[in-house]
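The values are calculated or read from the model by the stated rules, or taken from the named source; none is laboratory data. Remember, predicted model here, so these are calculated numbers, not experimental data. Virtual Cβ from ideal backbone geometry, glycine too; neighbours counted across all protein chains shown.
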Amino acid sequence: MKFTHESKAYRRKWMNCGTAKYNGAYYYSKEIVQNIMPLVETDRSWITVNVQGHGCDHAIVFVHNNIKPERYDWLSQYKDLVFVCGIPETVEKVKHLGKAIYVPLSVDVEYVKRFEAEAKTGDVCFAGRRAKRRQSNISSNIACLEGISRPELLRRMATYQRVYAVGRTAIEAKVLGCEVLPYDSRFPDPDKWEVLDNKEAAEILQKELDRIDGKVEEVKSEWSLNHMNKTALKEYAEELGIELDPEMKKADMIEAIKENAR
């Protein structure tokens, strides 16, 4: 099963949303379908948008609503779900529904770069949803890029030096060479939004799914690692796809294995 932005039930709902249809969940779902799904090997179903009543067991669910994740509670009726969260804070909020994992928000970097401007003619703007701006202290006198399609948003945002943005919009702004300014009190540090391409996110997701579905061996216990010599640690790290410098201290090798095998 694949329930996405292309599914009829979602399309009916989406078409009645007016300018609100230009939202992050819709555009992120498009990139998940185009750039992430083809790179991930799994027998699980995919649920990339949230419409109550459209779910199934043994599925991957992408969580888009970080403010009210309880809107996914209806999925409690299904078994063996993996909830993919774009920010770490949401993992704790949905883990009662299934296995919750953190896969950082990502964008199609190559696509976004197509909208780079020859020159930045504007100083500062807001890019995002009108409701979010109204909840902030952003001056109403600055340019507001809201209620427009993503291509138009990217084209116009690229002409500004500084952009008030969060989430994927903030990542896109960075790709376009803009300085990101914070406006949401939950995310005071713009460095939280690191540039990550969809393809890299697919690799992270694959690794997490392989771990959950038992396709890779869980990392050995710390006791076991401590009782291995440096040669054995290096060989074990290679089995996990981790490269270690043979000149590293044993303690550093163990920490590197524990960190990279998570």
Seminar exercise, completed: Only unsatisfied item for D57, checking (1) modelled with pLDDT under 95; (2) more than 16 Å from the chain's Cα centre (by Cα), is (1)
Exercise. Just checking, how many residues over the stretch 202-224 are over 16 Å from the mean Cα position of the chain (by Cα) and either modelled with pLDDT under 85 or of a type in the set (V, I, T) (or both)?
Worked result: 12
Problem set entry | Matching residues in the stretch 225-244 - criterion: being of a type in the set (D, E, K, R) and either over 22 Å from K207 (Cβ atoms) or over 32 Å from the mean Cα position of the chain (by Cα) (or both) | K230, E235
For this session: For the stretch 52-139, please list each of the helices (runs of 4 or more DSSP H) lying entirely inside it that holds at least 2 residues being under 28 Å from E152 (Cβ atoms).
Result: 109-113, 130-134
Problem set entry | Unmet criterion (only one of (1) over 29 Å from D213 (Cβ atoms); (2) touching an Asp or Glu at 6+ places or on another chain (Cβ under 8 Å); (3) surrounded by fewer than 17 Cβ atoms within 10 Å (Cβ to Cβ)) for P151 | (2)
Exercise. Is it the case that some residue within the stretch 180-201 is farther than 27 Å from A100 by Cβ, at pLDDT 95 or above and not charged (D, E, K, R)?
Worked result: yes
Exercise. Is there a residue being in contact with a helix residue (DSSP H, G or I) (Cβ under 8 Å, 6 or more places away or on another chain), more than 21 Å from S29 (Cβ to Cβ) and surrounded by 14 or more Cβ atoms within 10 Å (Cβ to Cβ) anywhere in the stretch 120-139?
Worked result: yes
Exercise. With respect to V163, is the statement that it is outside any loop (DSSP other than H, G, I, E, B), among the hydrophobic types (A, V, I, L, M, F, W, C) and under 21 Å from S106 (Cβ atoms) true?
Worked result: yes
For this session: Looking only at the stretch 172-186, decide whether some residue is in a helix (DSSP H, G or I), touching a residue at least 60 places away in the same chain (Cβ under 8 Å) and closer than 23 Å to F115 by Cα.
Result: yes
Seminar exercise, completed: Per the list (1) hydroxyl-bearing (S, T, Y); (2) without any contact (Cβ under 8 Å) to a residue 40 or more places away in the chain; (3) more than 20 Å from Q206 (Cβ to Cβ), residue check on S29 breaks on (3)
Exercise. Of the conditions (1) crowded, with 17+ Cβ neighbours inside 10 Å; (2) on the phi > 0 side of the Ramachandran plot, T169 fails just one. Which one is it?
Worked result: (2)
